[in-house]
Amino acid sequence: MPRDLDDESMRKLARSFYVVRMTRYGALLVAALGTGALAAAEGAPTWVWVALLVLAVVFLTGMVLTRRRYLRSLATS
């Protein structure tokens, strides 16, 4: 990130990145859960929907870590 911006501009830029990341992770989470539910309903092998559930947990973990990183950056500003 550019260092010649004032504090308010840096906060706005950080907030923009945060919103984009959380939206992306949220959409991927919904897609993984939806696909997993459809796979389970259609009688796909167990490993398919379990793998999609694990992927959903990975996306949820990414959301939690992104939130922590964002809040930590606000605290140090």
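The values are calculated or read from the model by the stated rules, or taken from the named source; none is laboratory data. What you see is a predicted model, and the numbers here were worked out from it, not measured in a lab. All Cβ positions, glycine included, derive from the backbone under ideal geometry; neighbour counts span all protein chains shown.
Please find, within region 19-51, the residue that is farthest from Tyr70 (Cα to Cα) out of those that are outside any helix (DSSP H, G or I) and small (Gly, Ala, Ser). So that I can check it myself, show each step before the final result.
Within region 19-51, the subset outside any helix (DSSP H, G or I) is 42-45.
In the following step, the residues that additionally are small (Gly, Ala, Ser) were identified as 43-44.
On the way: Gly43: 40, Ala44: 38 Å.
The extreme case among them is Gly43.
Take the residues of region 1-37 that are in contact with a Phe, Trp or Tyr (Cβ under 8 Å, 6 or more places away or on another chain) and hydrophobic (A, V, I, L, M, F, W, C): which is surrounded by the fewest Cβ atoms within 10 Å (Cβ to Cβ)?
Only one residue tops the list, namely Ala37.
Report yes if some residue within region 58-77 is modelled with pLDDT under 95, touching a Lys or Arg at 6+ places or on another chain (Cβ under 7 Å) and exposed (fewer than 14 other Cβ atoms within 10 Å of the Cβ); otherwise report no.
Yes, the conditions are met somewhere in region 58-77.
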